[in-house]
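Written below as structure tokens is the structure these notes are about.
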Amino acid sequence: MAEVESGYRRKSEEDEIIDQVETGGTELHDEKESEEVEMDKELSKLEEELQASGKKPFLAARIIPKPKIFIWFLASFASIGGLLFGLDQSLISGAELYIPSDLNIDSSRMSMITGFMALGAIFGALCVYPVNELLGRKWTIIVACLLYTAGGILEAAAGSFGVLLSGRMILGAGVGLETGTVPPYISENCAKRWRGGLVSLYQVNIDLGLLFGYIAAAIFVDVSGNWRWMLGSSLLFSTILLVAMLFLPESTRWLMRKGRKVDSYLVWKHVRGVETFEEKQEFFRMETLVLEELEASKTRWILLDFIRRPRCRRAVVYAILLQLVVQQFSGINSVLYYMGPLMERTGLSAQDAVYTSLIGGGTMFLSTIPAIYFMDRLGRRPVLLTLIPGVSVGLFIVGFSFKATNVKVEEGVYILGVVIYEFFWGSCLGPTPWVVASEIYPTYLRSTGVSINALCNWLGTFTTTYAFNDMLDALTPTGTFVGLYNGVVIFGGIYLLFFMPETKNLTLEEMDELFERPTKDIVHENWENTKQVWRDLAHFRFREVWKLS
């Protein structure tokens, strides 16, 4: 009898738990419905204000009315900025084989022509914040296009060292301005589930630009005035981007920051949509956070938040180390800018060096395409930590190729090293820093934060390109690639293993909660996850390692 009573009691307790769960679920459902009703009322008011204002959708939205299709259209055209970035990096690789003899320039001045584009980009990166705040993301990109065009014309028409150097630096200013603007422009206009992939599209275009630069060099290598055609070919793409941006909208978050709520809603409506609960909720969460940040900025100098606020300090330190140290001092720009001369150094003729450079450019482009998918499928952290050892292996092979005693062996080993290096670099170190930079900063500091990242990018580029020939002389090619660059990659990988948080599937507003956590908590969590990964690998549970669904 006692057992029967006990069974009834357990059954009663189970029923009570089930009732509580069902009641809680009902309450959550009711709360969600109530919230959606309130949001619909506010959206109806915004729609009425929009109709009363007589404002029409931007032209591109009239051509492509579906938001899910339009966001890819926006990201694809805005990412042409990345194509120009890559194009102007690789074009100089072929052109510098012919400029010295044509303009009677010595190696010291040629190093300035190669490296000083990055110096101009540093200036452009410093201007990202004020120009973005004044003009907005869209018009900042348009200004960058005008600088691209002016610089490209000066490069192609240069009759002296001074004119060519001026063209390189003006073009560099456009690159610096664009690199700090395009990633946040894409990020602020797309949903969280697509953000990693769409921002990765920017890196894909950088690598496509690198490939196009090598292709352009190969096309014009036998043409009279070949280097002028090579450097001037970028004008085609700067014109395409300029025209495209005239048809695209401004960033929704920038408009909200400027108090233009109706305009922000108009853009959001066509770029993101307001059909689902999540789309509506994210719009109003974005508004709330922007207004809170604007209110806070009235009482203090917000740039000091990078030092004063632990959340901002953690974000900027992480982003700088990832972009400046791990990405730039992995040696990528030394390989890209000096691909032609390095190929020539292994024994190839100038013409063959131009053609062979296509191998490296093609490899990097193809390797970056999967990043669009895996960045959001697997996450930023798994992609980077899984592939970064391949970067290290590639650097070892490149560095020791110069020790070969047979010229043909040296050429083959060097090309193999470049292919491995660029394949793994393009899959992880290429896109990840830009994705991270576009999403980890609070809205009110995003322009400044991304401009800091762009500045770090170009400081690293300038250091590793302008001083590259001196590094080769002082450290030898093997010491430069194996000792310096590979050492940075190894120590950088260890840093990321402990300090890199996962930001996949977080809204830009949820990033605040992540970076409010103490660093020691992130390190502890990463260490526990790392131990679990090794246990999963030991038991061949690969699906668990990369959390495939």
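The values are calculated or read from the model by the stated rules, or taken from the named source; none is laboratory data. All of these numbers come straight from a predicted model, not from anything done at the bench. Quick reminder, even Gly has a Cβ in these numbers, built from the backbone with ideal geometry, and neighbours come from all protein chains shown. Side chains included, ligands, DNA and RNA excluded: accessible areas come from the protein's heavy atoms. Shrake-Rupley method; radii C 1.70, N 1.55, O 1.52, S 1.80 Å.
Here are some notes:
- The charge dipole of the chain, taken about its Cα centre with unit charges on the Cβ atoms of Lys, Arg (+1), Asp and Glu (-1) only, comes to about 1340 debye.
- Segment 277-315 and segment 227-266 have their alpha-carbon centroids 25 Å apart.
- Partners for LYS56 among lysines (Cα-Cα distance below 25 Å; same-chain residues under 8 apart left out): LYS41, LYS45, LYS66, LYS68, LYS138, LYS258, LYS261, LYS269, LYS280
- Accessible-area value, LYS56, 1.4 Å probe, nucleic acids and ligands omitted, Å²: 150
- Expressed as a whole percent, the accessible surface of segment 68-248 that belongs to carbon and sulfur atoms is 73, based on a 1.4 Å probe.
- Rough spin-label spacing in nm, given labels placed 7 Å along Cα→Cβ, for LEU146 and LYS45: 3.9
- C-alpha long axis of helix 2-53 to longest principal axis of the chain, angle in °: 60
- Within straight-line reach of LYS32, meaning a Cα separation under 18 Å, sit the following aspartates and glutamates at least 8 residues removed in sequence or on another chain: GLU22, ASP40, GLU42, GLU275, GLU278, GLU279, GLU282.
- Amide H within-cut-off set for MET500, under 5 Å, with H built and near neighbours excluded: none
- Solvent exposure of segment 298-444 as accessible area per residue, Å², 1.4 Å probe: 34
- Cα-based helix-to-principal-axis angle, 380-401 vs the chain, degrees rounded to 10: 20
- For HIS539, the solvent-accessible surface computed with a 1.4 Å probe is close to 120 Å², ligands and nucleic acids excluded.
- Cα-projected label distance for SER101 with SER53, points at 7 Å along beta-carbon direction, nm: 6.1
- In terms of accessible area, using a 1.4 Å probe and ignoring ligands and nucleic acids, LYS261, LYS298 rank largest first as LYS298, LYS261.
- If the segment from ILE63 to LEU514 were pulled out straight at 0.36 nm per residue, it would be longer than the present Cα-Cα gap by 158.5 nm.
- Between the residues THR386, GLY449, MET169, the greatest Cα displacement towards the positive end of the dipole of the chain, with unit charges on the Cβ of Lys, Arg, Asp and Glu, is found for MET169.
- Taking the centroid of alpha carbons for each part, segment 432-455 and segment 370-395 are 20 Å apart.
- Crossing angle, helix 234-247 versus the chain [Cα axis fit, 0-90 degrees, rounded to tens]: 20
- Extension gain (nm, one decimal) between ALA467 and ARG109, 0.36 nm per residue minus Cα-Cα: 127.7 nm
- The slack between LYS403 and ARG308, meaning 0.36 nm per residue of separation minus the straight C-alpha distance, is 29.2 nm.
- Options (1) 45, 31, 19; (2) 42, 26, 19; (3) 89, 40, 24 - which one matches semi-axes √(5λ) of the Cα gyration tensor in Å as calculated here: (1)
- Rolling a 1.4 angstrom probe over the protein heavy atoms with all chains in place gives segment 68-248 an accessible area of 30 Å² per residue.
- Point-to-point label distance, LEU135-GLN281, nm (Cα→Cβ direction, 7 Å offset): 3.8
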